[in-house]
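**Q** Questions regarding the structure given below will be posed in turn.
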Amino acid sequence: MSGAESTGQTLPRRAARAADLPPPRELPPSLAGDPSLPYAAIGRELADLRTQIPGVHGCVLGGVDGLLVAHNLQNAADPNDLAALAATTYGLGRQIGLRLAQGGFQQSTVRNEHGYLSVYAVSEQALLAVIGEDSINVARLHLHAPGVAARLAALLADAAADA
Amino acid sequence: MSNLDAALKSAMSIDGAIGAALVDYTSGMTLGVAGGTGEIDLTVAAAGNTDVVRAKMRTIEMLDLKDEIEDILITLGTQYHLIRPLTSRTGKGLFLYLMVSKSRTNLALARHQLRSIEETLEL
């Protein structure tokens, strides 16, 4: 039995807004499962990030819709879960950017007791998530990963232009 | 002016100083930078030299020397780079990084001055 029920009080709720919301944004088709993407080149970029920076366990390229595009994880973590978590992080960052008028999402890092998860914006549609161990040189990651994200963005843009 | 700004300012007053930074070697991030030039990005230098400090600390540990780094000197063709980990309790995990021009500095004096800056730096 919850506390609210036992005291007879109702918890405050956010009231539904009047139906004057703008129509939902037209979204481009998901990147996930697109056979025209240059997977080999994407894989090379992800492998480069993993080998260049000691302490990177793996990288995941996902869509902002939370669906997996490519990954090079080798441990037990599920890449589909990480793509979803990256999109969740992006969602929070995007809302903060909107509320504070700070512009688009760029990067978010979560540090836990035994490691890091950093999420970088690749394009309007894609995110790069990097899993690092606790001892990673996170400043070096932050210097290196935006370059990888920019190259991934160029690869995705080329694929979209060709399609 | 904070103690950190004052320390970086006095590091930059060492003859021939090009740039100075206080760096956290657990993350590679800088707590403060001073100087530097258009070509020299001190945040890049900090991240790179974090790996230098970590490698040396690991080596000392592997050799079971039960000692610590007092300072590290890196000699380039035209520059000296000095790395000095902080010894105070509040400075644990940090190091001072100083780049000086080889032709315009007195290395012994620069090293001595960096030591006194490190000793007086309280965070």
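The values are calculated or read from the model by the stated rules, or taken from the named source; none is laboratory data. For clarity, every value in this text was computed on a predicted model and none was experimentally measured. Cβ: placed from backbone, ideal geometry, glycine included. Neighbour counts: every protein chain shown.
**Q** Looking at this structure, is A:D78 at pLDDT 85 or above and either within 14 Å of another protein chain (Cβ to nearest Cβ) or surrounded by 15 or more Cβ atoms within 10 Å (Cβ to Cβ) (or both)? Steps first, please.
**A** Working: at pLDDT 85 or above: yes; either within 14 Å of another protein chain (Cβ to nearest Cβ) or surrounded by 15 or more Cβ atoms within 10 Å (Cβ to Cβ) (or both): no.
In short, no.
**Q** Looking at A:E124, is it touching a residue at least 12 places away in the same chain (Cβ under 8 Å), surrounded by fewer than 19 Cβ atoms within 10 Å (Cβ to Cβ), under 30 Å from B:T50 (Cα atoms) and of a type in the set (D, E, K, R)? Spell out the reasoning first.
**A** Values: touching a residue at least 12 places away in the same chain (Cβ under 8 Å): yes; surrounded by fewer than 19 Cβ atoms within 10 Å (Cβ to Cβ): yes; under 30 Å from B:T50 (Cα atoms): no; of a type in the set (D, E, K, R): yes.
It is false that A:E124 is touching a residue at least 12 places away in the same chain (Cβ under 8 Å), surrounded by fewer than 19 Cβ atoms within 10 Å (Cβ to Cβ), under 30 Å from B:T50 (Cα atoms) and of a type in the set (D, E, K, R).
**Q** Provide a single number: the residues in the range A:108-163 that are more than 24 Å from B:T26 (Cβ to Cβ) and not polar (S, T, N, Q).
**A** Residues flagged as more than 24 Å from B:T26 (Cβ to Cβ) and not polar (S, T, N, Q) within the range A:108-163 amount to 20.
**Q** So A:A160 passes all but one of these: (1) away from every other protein chain (no Cβ under 14 Å); (2) exposed (fewer than 14 other Cβ atoms within 10 Å of the Cβ); (3) free of Cβ contacts under 8 Å to residues at least 40 places away in the same chain. Which condition number does it fail?
**A** (2)
**Q** Show the residue pairs meeting these rules: Cβ distance below 6 Å; 6+ apart or different chains; first residue within the range A:35-48 and in contact (Cβ under 8 Å) with a residue 60 or more places away in the chain and within 11 Å of A:R151 (Cβ to Cβ); second residue in a helix (DSSP H, G or I) and of a type outside the set (A, V, I, L, M).
**A** A:E45/A:R151
**Q** Follow-up. Return only the number of the condition from (1) over 11 Å from the mean Cα position of the chain (by Cα); (2) free of Cβ contacts under 8 Å to residues at least 40 places away in the same chain; (3) crowded, with 18+ Cβ neighbours inside 10 Å that B:Q113 does not satisfy.
**A** Single failed check for B:Q113: (2).
**Q** Report, by residue number, each residue of the range B:43-67 that is surrounded by 10 or more Cβ atoms within 10 Å (Cβ to Cβ), more than 14 Å from chain A (Cβ to nearest Cβ) and out of contact with any Asp or Glu (no Cβ under 8 Å at 6 or more places or on another chain).
**A** Within the range B:43-67, B:K56, B:T59 meet the criteria.
**Q** OK, next. Pull up the range A:32-44, narrow it to residues that are of a type in the set (A, V, I, L, M, F, W, C) and not in a helix (DSSP H, G or I), then point me to the one that is modelled with the lowest pLDDT.
**A** A:A32
**Q** Right, another one. Hey, among the residues in the range A:143-157 that are in contact (Cβ under 8 Å) with a residue 60 or more places away in the chain and within 14 Å of chain B (Cβ to nearest Cβ), which one's surrounded by the most Cβ atoms within 10 Å (Cβ to Cβ)?
**A** A:A145
**Q** Out of the residues in the range A:88-112 that are loosely packed, with under 15 Cβ neighbours inside 10 Å and among the polar types (S, T, N, Q), state the one that is farthest from A:G63 (Cα to Cα).
**A** Going through the qualifying residues, I end up with A:N112.
**Q** Could you please give the count of residues in the range A:108-137 that are within 14 Å of another protein chain (Cβ to nearest Cβ), within 22 Å of A:G43 (Cβ to Cβ) and out of contact with any Gly (no Cβ under 6 Å at 6 or more places or on another chain)?
**A** The total comes to 1.
**Q** Let me ask something else about it. Basic (K, R) and either touching a helix residue (DSSP H, G or I) at 6+ places or on another chain (Cβ under 8 Å) or within 14 Å of chain B (Cβ to nearest Cβ) (or both): is that true of A:R140 in this structure?
**A** Values: basic (K, R): yes; either touching a helix residue (DSSP H, G or I) at 6+ places or on another chain (Cβ under 8 Å) or within 14 Å of chain B (Cβ to nearest Cβ) (or both): yes.
Yes: the conditions hold for A:R140.
**Q** Something else now. Taking only the range B:72-105 into account, find how many residues are more than 20 Å from B:T59 (Cα to Cα), charged (D, E, K, R) and in contact (Cβ under 8 Å) with a residue 24 or more places away in the chain.
**A** 2
**Q** Do any residues in the range B:11-27 that are within 14 Å of chain A (Cβ to nearest Cβ) have Cβ atoms under 9 Å from those of residues that are among the polar types (S, T, N, Q) and in a strand (DSSP E or B), where the two are at least six apart or on different chains, and which pairs are they?
**A** Between residues of the range B:11-27 that are within 14 Å of chain A (Cβ to nearest Cβ) and residues that are among the polar types (S, T, N, Q) and in a strand (DSSP E or B), the close pairs are B:A21/B:T30; B:L22/B:T30; B:V23/B:T30; B:D24/B:T30.
Condition check ((1) at pLDDT below 95; (2) surrounded by fewer than 19 Cβ atoms within 10 Å (Cβ to Cβ); (3) in a loop (DSSP other than H, G, I, E, B)) across all residues:
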residue: A:S30; (1), (2), (3): yes, yes, yes
residue: A:D48; (1), (2), (3): yes, yes, no
residue: A:V60; (1), (2), (3): no, no, no
residue: A:L73; (1), (2), (3): yes, yes, yes
